[in-house]
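Take a look at the structure below.
The values are calculated or read from the model by the stated rules, or taken from the named source; none is laboratory data. Since this is a predicted model, take the numbers as computed values, not measurements. Virtual Cβ from ideal backbone geometry, glycine too; neighbours counted across all protein chains shown.
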């Protein structure tokens, strides 16, 4: 499954082109592993995490980085893609983790982000955007593709756990995405246990 998604900058900066950029979004499979490896770099996208944080929690820091990397690589080859890659031409420029919430065990234990109900939602908990492509609409393109992917898999809803940058004193660590970006894609706040960290959800299937 591949998507061609147009992205527009969320914030226009001086000298920034106004034309939309078309990004190709594809699930992370073994075929695309070299592209993800190139995007993340030798140390991993987030201090050696290799997107294991939401699966195993802070103990990822106590493991060799190669173990975290190897686990993500095995997931990529498992037939159940652990996330989506955005390409600008042949270059990977963005990533988001995407999985059933039940697969991301640390969400149930993370302060402020525990489940609000028993609905078997999918989650999109984190992003990594190549520095050269930040503020160029990559996050929005990934969100749009995540919605389509989760809906096609039969997920009743898709959840996110972004930072609300409208809240004074909000966290500057924006790897979970921003609330405004998710709101533009139809996500609504379903819980707010910490002012700057809402739980947001978009319903994908009608209630039974």
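Exactly one of these conditions fails for residue 118: (1) in a loop (DSSP other than H, G, I, E, B); (2) under 23 Å from residue 203 (Cβ atoms); (3) touching a residue at least 12 places away in the same chain (Cβ under 8 Å). Give me its number. In the conditions (1) in a loop (DSSP other than H, G, I, E, B); (2) under 23 Å from residue 203 (Cβ atoms); (3) touching a residue at least 12 places away in the same chain (Cβ under 8 Å), residue 118 misses (3) alone. One residue is enough: does the stretch 128-145 have a residue meeting the conditions modelled with pLDDT of 95 or more, crowded, with 20+ Cβ neighbours inside 10 Å, out of contact with any strand residue (DSSP E or B) (no Cβ under 7 Å at 6 or more places or on another chain) and under 13 Å from residue 25 (Cα atoms)? Yes. If you go through the stretch 178-193 one residue at a time, do you hit one that is more than 22 Å from residue 39 (Cα to Cα), assigned to a helix (DSSP H, G or I) and at pLDDT below 95? Looking for residues that are more than 22 Å from residue 39 (Cα to Cα), assigned to a helix (DSSP H, G or I) and at pLDDT below 95, one finds none in the stretch 178-193, hence no.
Being at pLDDT below 95, in contact with a helix residue (DSSP H, G or I) (Cβ under 7 Å, 6 or more places away or on another chain), buried (at least 19 other Cβ atoms within 10 Å of the Cβ) and closer than 26 Å to residue 115 by Cβ: is that true of residue 96 here? The answer is no for residue 96.
Every test in (1) surrounded by 14 or more Cβ atoms within 10 Å (Cβ to Cβ); (2) more than 17 Å from the chain's Cα centre (by Cα); (3) closer than 24 Å to residue 204 by Cα is passed by residue 65 save one, and that test is (3). When residue 180 is tested against (1) over 14 Å from the mean Cα position of the chain (by Cα); (2) within 20 Å of residue 41 (Cβ to Cβ); (3) surrounded by 14 or more Cβ atoms within 10 Å (Cβ to Cβ), just one condition goes unmet, and that condition is (2). Of 81, 45, 86, all but one fail to be at pLDDT 95 or above, closer than 20 Å to residue 30 by Cβ, surrounded by fewer than 21 Cβ atoms within 10 Å (Cβ to Cβ) and under 14 Å from the mean Cα position of the chain (by Cα); the exception is 81. Taking the stretch 89-115, which residues are assigned to a loop (DSSP other than H, G, I, E, B) and either over 22 Å from residue 198 (Cα atoms) or more than 13 Å from the chain's Cα centre (by Cα) (or both)? Answer for the stretch 89-115, where residues must be assigned to a loop (DSSP other than H, G, I, E, B) and either over 22 Å from residue 198 (Cα atoms) or more than 13 Å from the chain's Cα centre (by Cα) (or both): 89, 90, 109, 110, 111, 112, 113, 114, 115. When residue 50 is tested against (1) over 26 Å from residue 153 (Cα atoms); (2) free of Cβ contacts under 8 Å to residues at least 40 places away in the same chain; (3) in a loop (DSSP other than H, G, I, E, B), exactly one condition is not met: (1).
For the subset of the stretch 152-173 comprising residues that are touching a residue at least 40 places away in the same chain (Cβ under 8 Å) and either assigned to a loop (DSSP other than H, G, I, E, B) or out of contact with any strand residue (DSSP E or B) (no Cβ under 7 Å at 6 or more places or on another chain) (or both), which member is nearest to residue 204 (Cα to Cα)?
If we take residues in the stretch 152-173 being touching a residue at least 40 places away in the same chain (Cβ under 8 Å) and either assigned to a loop (DSSP other than H, G, I, E, B) or out of contact with any strand residue (DSSP E or B) (no Cβ under 7 Å at 6 or more places or on another chain) (or both), then 156 is nearest to residue 204 (Cα to Cα).
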